[in-house]
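One structure below.
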Amino acid sequence: YKPGGINVVGAEETYEGRAFGEESVDTYEVGFKSELFERRVLFNLAGYYNKYTDQQIGVQVENSDGFTQPFTVNAGQVDIYGAEMESTFRVTDAVTLNLSYAYTDAKFEEFIIGKPPAEASTQQRAEAGNIEGDFSGNEVNKTSRHAWNFIADYRRPVNSAGNIDGFVQVVGRYRSRRYTDETNLATLPAYAIADLQIGATGDRWSVVGYVNNMFDNDTIQSAQRFVDIGMTENFVPVRAYLAYLPPPRVVGLRTEFRF
């Protein structure tokens, strides 16, 4: 449950009609957790269904002066079906592998901006292809259908006393294509990122060398839609997107001492 509120952006003489309602979600989940082969293998699996009622969604609407501004409205209903898998394999005493996967199917079962408290703007009508700004049936924005995470860890003592561990760890993650907003007209591409760590740890200290974004992948991972009032087409401001480059390959050294 999330309480409602008032849209206070912009200089308006009254806040009448600028309220948005509370949202609620009913969640159902079923699955199992397991430890196999003398606890060398951990395997968990779950399926779930989330039903949102009046989910709060950020959009942009026209104010009384004809300009667009951020606004929160309630989508009638959002349904999310998904499954999650988590597994850990203790291959040897030194090698551990972890693999997790999430499948998400999230859709706006009902999302009509034209209903109170907001009216669809000219752009939203054009994007929806109807007069009410009805985006029902579209996929929920910024939600990947497929997500993978992978960790390979090698760790063993490096001195005769056995109180210093050396390790090498590779971490990978993948996200599939996803839509930037509720219109489903622009997408963010799929991407995969890998990180590397090599180091040593003692009882009270650690020294770690790392390479983040090991292969220097510059695929756009996030973007934000806005209205560019500096550019117009038929006297209507056009949609635009701010796309954010991910951090490039970063090589560094991190030390820690605990006392």
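The values are calculated or read from the model by the stated rules, or taken from the named source; none is laboratory data. Because the structure is predicted, anything quoted here is derived from the model rather than measured. With ideal geometry, Cβ positions are generated from the backbone for all residues, glycine too; neighbour counts draw on all protein chains shown. Surface areas here come from the heavy atoms of the whole protein model, side chains and all, with no ligands, DNA or RNA. Shrake-Rupley method; radii C 1.70, N 1.55, O 1.52, S 1.80 Å.
Okay, residues lined up against (1) open to solvent by 50 Å² or more (accessible area, probe 1.4 Å); (2) over 25 Å from Phe89 (Cα atoms):
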site: Ala152; (1), (2): no, no
site: Val158; (1), (2): yes, no
site: Val171; (1), (2): no, no
site: Tyr179; (1), (2): no, yes
site: Gln197; (1), (2): no, no
site: Asp203; (1), (2): yes, yes
site: Asp216; (1), (2): yes, yes
Which numbered condition Leu45 misses (of (1) among the aliphatic types (A, V, I, L, M); (2) at pLDDT 95 or above; (3) open to solvent by less than 70 Å² (accessible area, probe 1.4 Å)): (3)
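Considering only segment 88-114, state which residues are farther than 26 Å from Arg178 by Cβ and basic (Lys, Arg). Before you say what the answer is, go through the steps one by one.
First, pick out the residues of segment 88-114 that are farther than 26 Å from Arg178 by Cβ: 88-97.
Across segment 88-114, the qualifying residue is only Arg90.
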Subset of segment 9-38 (residues that are over 28 Å from the mean Cα position of the chain (by Cα), at pLDDT 90 or above and either open to solvent by 80 Å² or more (accessible area, probe 1.4 Å) or within 29 Å of Gly76 (Cβ to Cβ) (or both)): Glu35, Phe37
Any pair with Cβ under 9 angstrom, 6 or more apart, that starts in segment 32-43 at a residue that is touching a residue at least 24 places away in the same chain (Cβ under 8 Å) and β-branched (Val, Ile, Thr) and ends at one that is part of a strand (DSSP E or B) and open to solvent by 70 Å² or more (accessible area, probe 1.4 Å): Val41/Glu35; Val41/Phe89; Val41/Arg90
Subset of segment 120-131 (residues that are open to solvent by 50 Å² or more (accessible area, probe 1.4 Å) and under 28 Å from the mean Cα position of the chain (by Cα)): Arg125, Ala126, Gly129
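Just wondering, is there one or more residues in segment 59-69 that are assigned to a strand (DSSP E or B), polar (S, T, N, Q) and at pLDDT 90 or above?
Here is the first cut: in segment 59-69, the residues assigned to a strand (DSSP E or B) are 59-62, 68-69.
If we keep only those that are polar (S, T, N, Q) as well, we get 60, 68-69.
Next cut, at pLDDT 90 or above only: none.
The answer is no; no qualifying residue exists.
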Residues located in segment 85-129, provided they are out of contact with any Lys or Arg (no Cβ under 7 Å at 6 or more places or on another chain), hydroxyl-bearing (Ser, Thr, Tyr) and not in a loop (DSSP other than H, G, I, E, B): Ser87, Thr88, Ser100, Tyr101, Thr122
Pair list, Cβ < 9 Å and 6+ apart or interchain, from segment 248-259 residues that are basic (Lys, Arg) to residues that are open to solvent by 100 Å² or more (accessible area, probe 1.4 Å): Arg249/Phe215; Arg258/Asp203; Arg258/Arg204
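In segment 166-211, how many residues are assigned to a strand (DSSP E or B) and over 30 Å from Ala240 (Cβ atoms)?
To start, the set of residues in segment 166-211 that are assigned to a strand (DSSP E or B) comprises 166-175, 178-179, 187-188, 191-201, 205-211.
Restricting the remaining residues to those that are over 30 Å from Ala240 (Cβ atoms) gives 166-172, 194-201, 205-211.
Qualifying residue count for the region: 22.
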Contacts under 7 angstrom Cβ, first residue in segment 6-28 being over 19 Å from Pro70 (Cβ atoms) and aliphatic (A, V, I, L, M), partner modelled with pLDDT of 75 or more and open to solvent by 40 Å² or more (accessible area, probe 1.4 Å), 6 or more apart: Val25/Lys51; Val25/Tyr52
